[in-house]
Amino acid sequence: MNDTKLISKDELRALFSAELSKMYQSEVPKYSTLISLTQKVNQDVLSNHPSQKEALIKNNEFDRLSEERHGAIRIGSAKELGILRRLFALYGMYPVGYYDLAPAGIPVHSTAFRPIEKSSLEVSPFRLFTSLLRLELIDDAEIKASAIHLLNQREIISPELYHLLVKAENQGGIFKSDQLQFIALTVDIFKWHQTATVTETLYQKLLTQHRLIADVVGFKGPHINHLTPRTLDIDEVQRLMPDYQITPKATIEGPPKRNCPILLRQTSFQALNEAILFLDEKTNNWVKGTHTARFGEIEARGVALTQKGRAFYDELIQKVKEFFPGEIKPHESHLYNEKLASIFSVFPDNWYELMINKLAWFNFYPVKSEMHHILDNTHSHNLLTLIDNGMIEFSPIIYEDFLPVSAAGIFQSNLSNKSTMPLKAISARADFESALGQNVLDEMSLYEKIQLDSISLCESVLNIRII
Ligand code: OOG
Ligand code: NI
């Protein structure tokens with residue numbers, strides 16, 4: 001085939017996400033089980049709650065739901081981050097947000113590569129949480145030098161893929177004739193390597209610095225460490241996990257269960273202990289070892305909060321952490337959930353209140369009605385009055401990003417107890433952005449734009465000015 005038509009980035013991303021999921025299902029069968037469980041629970045919710053199904057359809061979320069997932073990778077150098085940024089741009093995935101994990105004792109900083117347009121999110125909202133190791137935080141000079149040396153030598157992108165990438169950048173996208181090879185080569189970057197690139201001795205040294213350092217530096221490439229399907233009832237999936245021989249972490253990260261879900265709730269199962277091989281430096285033979293990095297996670301997404309809503313959320317979650325500063329044990333989960341619910345009871349839990357208090361972002365749309373002609377277009381109309389008069393309806397804009405406190409909880413639950421190192425780190429956003437080759441996008445501006453665009457659409461359909 002020599003098809004020189006360009007494939008749309010949205011279509012390409014949907015295919016990439018599906019192929020990655022296929023690969024991870026074959027690599028980690030428990031992820032497959034988690035998908036089946038999530039689909040079963042989602043089906044039950046949809047058939048038992050027809051109104052929820054209607055709301056999803058109305059909000060253009062229904063079609064994307066079964067294909068919705070995020071993944072996470074960890075990389076080792078500025079060079080790797082820069083090249084992945086160029087690659088993901090071809091999939092319509094752009095870096096949104098800066099997440100500093102150092103305050104939680106984890107030596108990485110991160111961004112999320114994701115689509116940003118409303119229409120693209122509706123096709124495939126696939127996101128990759130991408131963490132860059134902060135080697136400057138390793139204090140052992142010898143280990144730091146070995147890690148830098150190994151990472152400098154590593155090429156995570158094959159020459160074939162690099163060739164396609166440059167070609168695509170020059171021609172403004174991927175030709176249909178190149179799409180399968182392009183996706184296959186991209187998926188290849190994130191596959192699991194059973195053989196470590198370091199000796200067991202060095203692996204152990206890296207491990208003593210921090211588990212994540214061994215996970216990034218010890219292998220040929222940035223294996224995907226989890227993929228996360230979206231569920232409509234995370235409490236139910238959490239409850240059913242043991243029936244499927246999956247042990248979940250003790251608590252669900254994020255806000256409590258609510259009538260009007262906000263932001264993001266996540267839970268995961270513990271990373272697997274997997275067999276790997278090290279090269280023995282003396283005998284030059286392969287020796288058996290194990291590595292713990294890959295896990296499973298599920299999530300439930302709710303409305304995106306405004307700066308004001310988010311500040312309120314952060315204040316409340318901080319209060320919860322003051323009561324439960326450390327890791328929560330399974331027998332404490334009940335107490336934790338009660339405390340979480342009671343602390344969050346002050347956060348309004350109906351859409352109208354969230355909207356009028358400007359705590360969350362919404363899509364506004366005109367109600368189909370013969371009454372439109374009664375609207376006088378010689379003066380501006382107040383949005384709330386139009387809503388109260390039934391001319392305009394609204395629905396939540398879904399949160400597409402991540403939460404640093406939750407991410408830290410997910411990292412830690414998968415890294416054993418010795419998973420934090422006291423970091424005197426100052427936030428290094430400028431370093432991150434210089435490695436990335438651009439500034440990260442501000443998620444609040446993206447949500448605000450979606451909301452404002454929806455109001456503009458109301459104005460043109462109703463032929464009025466709205467203030
Ligand atoms: C990333 C952990 C964070 C999330 O969903 O918050 C994350 C990692 O373990 O590399 O994926
Ligand atoms: Ni995740």
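The values are calculated or read from the model by the stated rules, or taken from the named source; none is laboratory data. Here the structure is a predicted model, which is why all the values come from computation and not from measurement. All Cβ positions, even for glycine, are placed from backbone atoms using ideal geometry, and neighbour counts span all protein chains on display. Keep in mind that these areas ignore ligands, DNA and RNA; they rest on the heavy atoms of the full protein, side chains included. Shrake-Rupley method; radii C 1.70, N 1.55, O 1.52, S 1.80 Å.
Filter segment 110-129 for residues that are assigned to a helix (DSSP H, G or I) and among the charged types (D, E, K, R); which is farthest from ALA430 (Cα to Cα)?
Result: GLU122.
Answer yes or no as to whether ARG301 is open to solvent by 10 Å² or more (accessible area, probe 1.4 Å), at negative phi, within 16 Å of ligand 2 (Cβ to nearest atom) and within 24 Å of the chain's Cα centre (by Cα).
So ARG301 fits the description; yes.
Can you pull out the residues in segment 162-193 that are closer than 17 Å to ILE7 by Cα, surrounded by fewer than 19 Cβ atoms within 10 Å (Cβ to Cβ) and either without any contact (Cβ under 8 Å) to a residue 60 or more places away in the chain or within 23 Å of the chain's Cα centre (by Cα) (or both)?
Answer for segment 162-193, where residues must be closer than 17 Å to ILE7 by Cα, surrounded by fewer than 19 Cβ atoms within 10 Å (Cβ to Cβ) and either without any contact (Cβ under 8 Å) to a residue 60 or more places away in the chain or within 23 Å of the chain's Cα centre (by Cα) (or both): VAL166, LYS167, ASN170, LEU180, GLN181, ALA184.
Take the conditions in contact with a His (Cβ under 6 Å, 6 or more places away or on another chain) and open to solvent by 10 Å² or more (accessible area, probe 1.4 Å) and apply them to ASP44. Does it pass?
Criteria not met by ASP44.
Can you pull out the residues in segment 338-381 that are closer than 22 Å to LEU305 by Cα and at pLDDT below 95?
Across segment 338-381, the qualifying residue is only TYR365.
Counting only residues that are of a type in the set (Ser, Thr, Tyr) and either closer than 13 Å to PRO330 by Cβ or surrounded by 18 or more Cβ atoms within 10 Å (Cβ to Cβ) (or both), how many does segment 238-249 have?
Summing the residues that are of a type in the set (Ser, Thr, Tyr) and either closer than 13 Å to PRO330 by Cβ or surrounded by 18 or more Cβ atoms within 10 Å (Cβ to Cβ) (or both) in segment 238-249 gives 1.
Looking at (1) within 16 Å of ligand 1 (Cβ to nearest atom); (2) open to solvent by 10 Å² or more (accessible area, probe 1.4 Å); (3) out of contact with any Asp or Glu (no Cβ under 8 Å at 6 or more places or on another chain), which is the one condition that is false for ILE252?
Among (1) within 16 Å of ligand 1 (Cβ to nearest atom); (2) open to solvent by 10 Å² or more (accessible area, probe 1.4 Å); (3) out of contact with any Asp or Glu (no Cβ under 8 Å at 6 or more places or on another chain), the lone unmet condition for ILE252 is (3).
Among the listed residues THR38, THR33, which satisfies the condition of being assigned to a helix (DSSP H, G or I), among the β-branched types (Val, Ile, Thr), under 30 Å from HIS109 (Cβ atoms) and at pLDDT below 95?
None of the others qualify; the one that does is THR38.
In segment 129-148, is there at least one residue being modelled with pLDDT of 95 or more and under 17 Å from THR186 (Cα atoms)?
Yes.
Would you point out which residue out of ILE183, ILE157 is modelled with pLDDT of 95 or more and not in a helix (DSSP H, G or I)?
When all the criteria are applied, what remains is ILE157.
I need the full set of residues from segment 130-150 which are part of a helix (DSSP H, G or I) and more than 11 Å from SER77 (Cβ to Cβ), in order please.
Scanning segment 130-150 gives GLU136, LEU137, ALA141, GLU142, ILE143, LYS144, ALA145, SER146, HIS149.
Do you know which of the residues in segment 62-77 that are at pLDDT below 95 and outside any loop (DSSP other than H, G, I, E, B) is nearest to HIS210 (Cα to Cα)?
ARG69
Here is a list: ILE224, ILE234, ILE213. Which entry is farther than 28 Å from THR290 by Cα, open to solvent by less than 40 Å² (accessible area, probe 1.4 Å) and within 16 Å of ligand 1 (Cβ to nearest atom)?
Criteria check complete, one pass: ILE234.
Looking at this structure, is SER124 surrounded by 19 or more Cβ atoms within 10 Å (Cβ to Cβ), within 16 Å of ligand 2 (Cβ to nearest atom) and assigned by TED's automatic domain parsing to the domain that holds ALA184?
Taking the combined requirement at face value, the residue does not satisfy it.
Which residue is surrounded by the most Cβ atoms within 10 Å (Cβ to Cβ), if the candidates are limited to segment 259-290 and must be within 14 Å of ligand 1 (Cβ to nearest atom) and farther than 30 Å from LYS449 by Cβ?
Restricting to residues being within 14 Å of ligand 1 (Cβ to nearest atom) and farther than 30 Å from LYS449 by Cβ, the top hit is THR267.
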